[in-house]
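Below is one structure, written out as structure tokens, with a few remarks after it.
The values are calculated or read from the model by the stated rules, or taken from the named source; none is laboratory data. What you see is a predicted model, and the numbers here were worked out from it, not measured in a lab. Note that each Cβ is placed from the backbone with ideal geometry, even for glycine, and that neighbours are counted across all protein chains shown. SASA here: full protein model, heavy atoms, side chains in, ligands and nucleic acids out. Shrake-Rupley method; radii C 1.70, N 1.55, O 1.52, S 1.80 Å.
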Amino acid sequence: MIPHIKYKGKTIVFMADLLPSVGHIPLPYVMGYDTRPLLTLGEKEQFLKTAADNEYILFLEHDSVNECCTVQHTEKGVRVKDKFSFAEMFG
């Protein structure tokens, strides 16, 4: 389950284990304990495209350095656009 929260005209997405940190944004990186990594790759690819298209704010509760980020389409696939804290965005 990946909750999408509408707040002040933005969509904030609680990433849970799909994207635990900015280091997991490139498509081939999934959690080591994922029991169905090939299924996860397909779901992750679809989600990342949607997140980039709709400028979602990704809330990364497992990332000890980066609280939130946005993503963008690049020639290498979807990658990090901006990193910031929740307070910076809505403070």
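What the table shows:
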item	result
Mean Cβ count within 10 Å, highest first, over the residues of peptides 39-48, 26-35	39-48, 26-35
Equivalent-ellipsoid semi-axes of segment 42-82, from the Cα gyration tensor, Å, largest first	17, 11, 10
Accessible surface, per residue, of the chain when the full set of protein chains is kept, probe 1.4 Å, Å²	64
Rounded to whole Å, sorted largest first: equivalent-ellipsoid semi-axes of the chain, Cα gyration tensor	21, 14, 13
